[in-house]
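Chemist: I have a structure here, written as structure tokens, and I will follow up with some questions on it.
The values are calculated or read from the model by the stated rules, or taken from the named source; none is laboratory data. Model, not experiment: these values are computed from the prediction. Reconstructed Cβ throughout: ideal geometry from the backbone, glycine too, with neighbour counts over all protein chains shown.
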Amino acid sequence: MTVYLFYLLSFIAILSALMVVFSRNPVYSVLYLIVTFFAIAGHYVLLNAQFLAAVHVIVYAGAIMVLFLYVIMMLNLNTYNEMQKANWLRFGAVVSGCLLMVVLVGSLKGAETMQPGAVHDANIGLVSNLGNVLFKEFLLPFEVSSLLFLAAMTGAVMLGKKSIRS
Amino acid sequence: MEWGDIIYKSILVVCVFSVSLLVAMYSTYAERKIAAFLQDRLGPNRAGPFGILQPVADGVKMFMKEEIIPDVSNKALFIIGPSVAMFTACMTGVVIPWGTELVIGGKHYPLQVTDVNIGILYLFGVVSIGVYGIMIGGWASNNKYSLLGAIRASSQMISYELAMGLSIVALIMMTGTLSVREIAAQQVGWHWNVLYQPFGCLLFMICAFAETNRAPFDLPECETELVGGYHTEYSSMKLGFYLFAEYINMFISSAVIATLYFGGYNMPFIGRWVHDPNWMAILGTVFFFCKIFFFIFLFMWVRWTLPRFRYDQLMNLGWKILIPLALLHVAATGVVMWLTGQIH
Amino acid sequence: MQALTKRSKVVSNKRMSFMEKIYLPAIIKGMMITLSHFFKKKVTVNYPEVKRPIAPVYRGQHVLKRDENGAERCTACGLCAVACPAEAITMVAEERKAGEEGLYREEKYASTYEINMLRCIFCGLCEEACPKEAIFLTDRIVPSTFERHEFVYGKDKLVEPTAKDERVDITERQNVDTVEFKKHKEYAHNILYTKNTLK
């Protein structure tokens with residue numbers, strides 16, 4: 001049962017991820033990306049990481065993608081006024097895409113040889129365990145990342161403000 | 001899971017579903033009646049005694065109306081929009097505990113479809129994707145007013161979701177659980193959370209008004225500025241779906257407010273007179289629905305009293321007032337819990 | 001400046017105090033006001049069942065009266081059409097043939113008589129102008145329809161039925177003042193002509 005669900009979710013995830021790339025209309029791309037996120041959230045549920053699944057849906061599908069959609073709708077990027085990209089730009093895009101592919105394949109190859117070890121605790125994804133790990137073992141990275149967000153937020157506010165007279 | 005459980009859960013799902021639809025249906029009637037009464041009018045009273053069949057007449061009308069899909073719209077998304085709105089509205093009902101549990105023949109039947117241990121987060125997730133119905137529909141209509149409505153809806157939802165989440169964080173800190181059922185069970189008798197966190201309750205309710213797009217936060221469908229807002233181009237049952245989804249959302253929001261802050265299915269003093277657990281469960285459910293109906297009434301009462309916010313006022317309230325207040329509330333809750341020794 | 005009502009307030013844009021800034025007291029106050037209206041007597045009149053009382057001199061749909069023998073009173077003089085400020089009345093006159101004395105009272109009658117109810121402003125000047133006491137306004141309300149041409153009322157709708165018990169009662173409208181007023185048609189153009197000058 002779980003295996004079939006896994007394959008179904010993976011199929012949906014990969015298909016919609018491909019559709020994100022191949023859609024001409026940016027709004028379709030965003031909508032397919034949302035579907036991808038839901039499929040990934042489904043994977044989290046299969047791993048018994050419900051908290052992660054819920055947060056993934058709330059934060060990515062519920063907030064960030066809404067903002068994406070918001071911006072794309074505001075800019076009204078229709079297919080007919082799409083800019084013709086220069087050939088060198090396309091070439092650069094292909095090269096950088098291939099480089100990313102190489103990096104991903106390389107890292108996944110490294111992961112294959114790594115032993116999964118004895119971390120198969122079914123309850124590892126539950127809220128209390130996650131909280132304990134996050135606020136005890138990884139407290140410093142957690143707080144540093146929040147600092148990063150604070151800096152990003154301040155920067156956004158600064159950019160959003162009208163030019164202040166010096 | 002046994003077959004009996006599966007059958008029981010299926011029946012319960014169907015019950016929850018039909019009750020939500022029924023309540024939403026009669027909310028439309030109640031809305032018109034209450035609006036009329038608050039304005040010294042009588043309201044609908046032609047279809048059946050006291051107009052009690054008015055929702056049926058409205059439904060028939062909605063189905064009989066001509067279906068118009070604009071030629072310049074994005075047809076697939078135009079249809080998906082209201083479906084998503086309706087679907088997400090109906091999905092929220094499953095984690096709400098409608099009562100304790102029935103004991104029939106030594107078997108326990110909890111009156112809740114599923115007790116997810118992250119129930120509140122599930123609610124948030126579903127609510128946060130509810131905005132897609134509005135956004136997709138508004139964009140697919142290919143109409144300026146619809147698009148403006150959709151954009152307003154999305155920014156409003158995101159802004160108020162933050163304050164809503166923060167007001168809930170304080171509640172979670174106090175109760176120590178994310179399960180809606182446990183939160184309800186903790187409020188036995190008079191230990192309603194509203195008595196411990198009246199301010200959080202107020203914040204949550206304000207945000208719930210904004211999340212359901214109800215007045216005074218009904219900017220996405222603001223008739224005076226945007227014709228019909230995101231559903232300007234919609235007709236027939238697709239429009240019906242949008243309107244219906246709003247009423248279901250209102251019902252679920254009322255249920256969530258009642259569960260999280262007003263004791264859910266708990267009835268004070270009931271233990272003195274009734275001892276049979278089954279009767280307790282049924283009375284608790286009835287009492288829970290009384291609370292829900294009160295909050296639905298409150299939603300309507302507010303709608304027909306307060307004028308709509310201006311857009312910048314809405315954003316100011318969300319970002320500059322509610323979110324800092326909610327953060328302060330979280331901090332204050334933490335300090336009080338530390339002082340009373342609940343945390344070390 | 002002198003206040004027009006007791007409830008008028010001088011508008012000021014003074015800075016709000018803290019209690020005013022949090023709005024909630026004002027919101028609760030407003031909600032209490034609407035709640036008090038919830039229990040107040042409703043002003044709605046359930047129209048077809050309950051009818052609002054109308055004045056005895058109400059000016060509604062016209063009727064072309066018959067005399068006591070059932071003959072039409074109208075002689076198609078056209079004074080009503082002339083008097084009509086909205087130009088809603090048209091008619092075609094015809095000579096009465098021998099043997100039609102039971103149908104028409106005068107030697108000339110209106111073969112068609114039409115009032116456009118969309119133009120009519122129900123001022124009652126036609127009634128006042130009529131020398132034969134043939135046209136009257138009644139307390140009946142002109143019903144609404146979907147088509148424009150249906151509002152042009154011909155003789156079929158305007159002339160009252162012949163049967164005695166189906167006649168349109170206009171006595172309600174004809175109170176002492178109206179009857180007295182109608183006697184002095186020569187003064188009708190005079191706006192100073194009021195009830196007081198009659199006595």
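Chemist: When the stretch B:3-20 is examined, which residues are found to be surrounded by 17 or more Cβ atoms within 10 Å (Cβ to Cβ) and either of a type in the set (S, T, N, Q) or under 28 Å from B:Pro44 (Cα atoms) (or both)?
Modeler: Within the stretch B:3-20, B:Val16, B:Ser20 qualify.
Chemist: It is to be established whether one or more residues within the stretch B:133-156 are of a type in the set (Phe, Trp, Tyr) and within 20 Å of the chain's Cα centre (by Cα).
Modeler: no
Chemist: Which of (1) free of Cβ contacts under 8 Å to residues at least 24 places away in the same chain; (2) within 26 Å of A:Val71 (Cα to Cα) does B:Gly105 not meet, given it meets every other one?
Modeler: (2)
Chemist: Right, another one. When C:Asp177 is evaluated against the numbered criteria (1) outside any helix (DSSP H, G or I); (2) modelled with pLDDT under 80, which criterion, by number, is the only one it fails?
Modeler: All conditions pass for C:Asp177, except number (1).
Chemist: Can you pull out every residue in the stretch B:1-48 that is assigned to a helix (DSSP H, G or I) and of a type in the set (D, E, K, R)?
Modeler: Passing the criteria: B:Asp5, B:Lys9, B:Glu31, B:Arg32, B:Lys33.
Chemist: Scan B:Met62, B:Met25, B:Met86 and give me the residue that is in contact with a Pro (Cβ under 7 Å, 6 or more places away or on another chain) and more than 14 Å from every other protein chain (Cβ to nearest Cβ).
Modeler: Just a single option satisfies the conditions, and that option is B:Met25.
Chemist: Can you report the number of residues in the stretch C:1-58 which are surrounded by 10 or more Cβ atoms within 10 Å (Cβ to Cβ), within 29 Å of B:Ile321 (Cβ to Cβ) and either hydroxyl-bearing (Ser, Thr, Tyr) or in contact (Cβ under 8 Å) with a residue 12 or more places away in the chain (or both)?
Modeler: Of the residues in the stretch C:1-58, 2 are surrounded by 10 or more Cβ atoms within 10 Å (Cβ to Cβ), within 29 Å of B:Ile321 (Cβ to Cβ) and either hydroxyl-bearing (Ser, Thr, Tyr) or in contact (Cβ under 8 Å) with a residue 12 or more places away in the chain (or both).
Chemist: Out of the residues in the stretch C:84-101 meeting the condition of being small (Gly, Ala, Ser) and part of a loop (DSSP other than H, G, I, E, B), tell me which one is surrounded by the fewest Cβ atoms within 10 Å (Cβ to Cβ).
Modeler: Step by step, filter the stretch C:84-101, then rank; the result is C:Ala98.
Chemist: What's the number of the only condition in (1) in contact with a helix residue (DSSP H, G or I) (Cβ under 7 Å, 6 or more places away or on another chain); (2) part of a loop (DSSP other than H, G, I, E, B) that C:Tyr113 fails to meet?
Modeler: C:Tyr113 satisfies every listed condition except (2).
Chemist: Additional query: Please find, within the stretch A:14-37, the residue that is nearest to A:His56 (Cα to Cα) out of those that are crowded, with 19+ Cβ neighbours inside 10 Å and of a type in the set (A, V, I, L, M, F, W, C).
Modeler: Among them, the one singled out is A:Phe37.
Chemist: Sort out which residues of the stretch A:1-27 are under 23 Å from B:Val131 (Cα atoms) and modelled with pLDDT of 85 or more, and write them in order of number.
Modeler: Of everything in the stretch A:1-27, those that are under 23 Å from B:Val131 (Cα atoms) and modelled with pLDDT of 85 or more turn out to be A:Ile12, A:Ala13, A:Ser16, A:Ala17, A:Met19, A:Val20.
Chemist: Condition (residue is in a helix (DSSP H, G or I) and within 12 Å of chain A (Cβ to nearest Cβ)) applied to the stretch B:106-120: is it met by at least one residue?
Modeler: yes
Chemist: Tell me which residues, restricted to the stretch A:93-114, are among the small types (Gly, Ala, Ser) and modelled with pLDDT under 90.
Modeler: Scanning the stretch A:93-114 gives A:Ala93, A:Gly106, A:Ser107, A:Gly110, A:Ala111.
Chemist: Could you say whether any residue in the stretch A:64-74 is closer than 30 Å to A:Asn132 by Cα, assigned to a helix (DSSP H, G or I) and within 11 Å of chain B (Cβ to nearest Cβ)?
Modeler: yes
Chemist: Could you please find all residues in the stretch B:137-156 being in contact (Cβ under 8 Å) with a residue 40 or more places away in the chain, assigned to a helix (DSSP H, G or I) and more than 7 Å from every other protein chain (Cβ to nearest Cβ)?
Modeler: B:Gly137, B:Gly138, B:Ala140, B:Tyr145, B:Ser146, B:Leu148, B:Gly149, B:Arg152, B:Ala153, B:Gln156
Chemist: Any idea how many residues of the stretch C:32-80 are polar (S, T, N, Q) and more than 14 Å from chain B (Cβ to nearest Cβ)?
Modeler: Number satisfying all stated conditions: 3.
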